[in-house]
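See below for the structure under consideration.
The values are calculated or read from the model by the stated rules, or taken from the named source; none is laboratory data. Here the structure is a predicted model, which is why all the values come from computation and not from measurement. As a convention, Cβ positions derive from the backbone with ideal geometry for all residues, glycine included, and neighbour counts pool all protein chains shown. Note: areas computed on protein heavy atoms with side chains; ligands, DNA, RNA excluded. Shrake-Rupley method; radii C 1.70, N 1.55, O 1.52, S 1.80 Å.
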Amino acid sequence: MAQASTKGLKLGTTLYSLTSEFHGREYSFEQLIRKVAAENLGPGLEIVGFQSIRGFPVVTDEFAARFKDLIQETGLTPSCLGINADVRIDPDKPMSTAEVVAYHEPQLRAAAKLGFPVVRYQYPAGPEAIRQLVPLAEQLGIKMGMEIHA
């Protein structure tokens, strides 16, 4: 049987796969990134914004600079930023489409600021909100992909 071509494919790791180590305080955010590089689990690096960045979707200039320096130091490549929909922050009233769009806009801007070319959005965002976000994503040079779970 012929082996499938892997031309163009590159390995990547999501820091979400190291959630236990992060929440168990075995590693800081920066240490996890260094571990991914040291274990040769890159070059791609995915992070989940709300899990990894304090105050997300606000990304300070200082954090962005530190992150980019860390990426350069480790030789990793930002591949995807996981963003959240959270359309039921108020369990009694789901967000309107306009509110969902407004909730996602700063997350897209954070991805661009950090150098991520792709965001992984969640299904509850809904097709209409995503359609409305396309012009901003295009302006920022961000591609959007839906997170799929079994």
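A few comments on the model shown:
- In region 122-146, the residues that are at negative phi and polar (S, T, N, Q) form Cβ pairs under 9 Å with partners that are surrounded by 11 or more Cβ atoms within 10 Å (Cβ to Cβ) and not in a helix (DSSP H, G or I), at six or more places apart or across chains, as follows: GLN122/GLY82; GLN122/ILE83; GLN122/ASN84; GLN122/ALA85; GLN122/ASP86; GLN122/VAL87; GLN122/MET146; GLN122/GLU147.
- Single residue of region 54-77 satisfying the filter (touching a Gly at 6+ places or on another chain (Cβ under 8 Å), of a type outside the set (Phe, Trp, Tyr) and assigned to a loop (DSSP other than H, G, I, E, B)) that is least open to solvent (accessible area, probe 1.4 Å): LEU76
- Checking each residue of region 5-14 against the condition of being crowded, with 17+ Cβ neighbours inside 10 Å, among the hydrophobic types (A, V, I, L, M, F, W, C) and not in a strand (DSSP E or B) gives no match.
- Within region 78-97, restricting attention to residues that are free of Cβ contacts under 8 Å to residues at least 40 places away in the same chain and not in a loop (DSSP other than H, G, I, E, B), the residue that is most open to solvent (accessible area, probe 1.4 Å) is THR97.
- Hey, GLU99 closer than 16 Å to GLY49 by Cα and either modelled with pLDDT under 95 or more than 16 Å from the chain's Cα centre (by Cα) (or both) or not: no
- If you go through region 108-136 and pick out every residue that is part of a helix (DSSP H, G or I) and within 14 Å of the chain's Cα centre (by Cα), you end up with 7.
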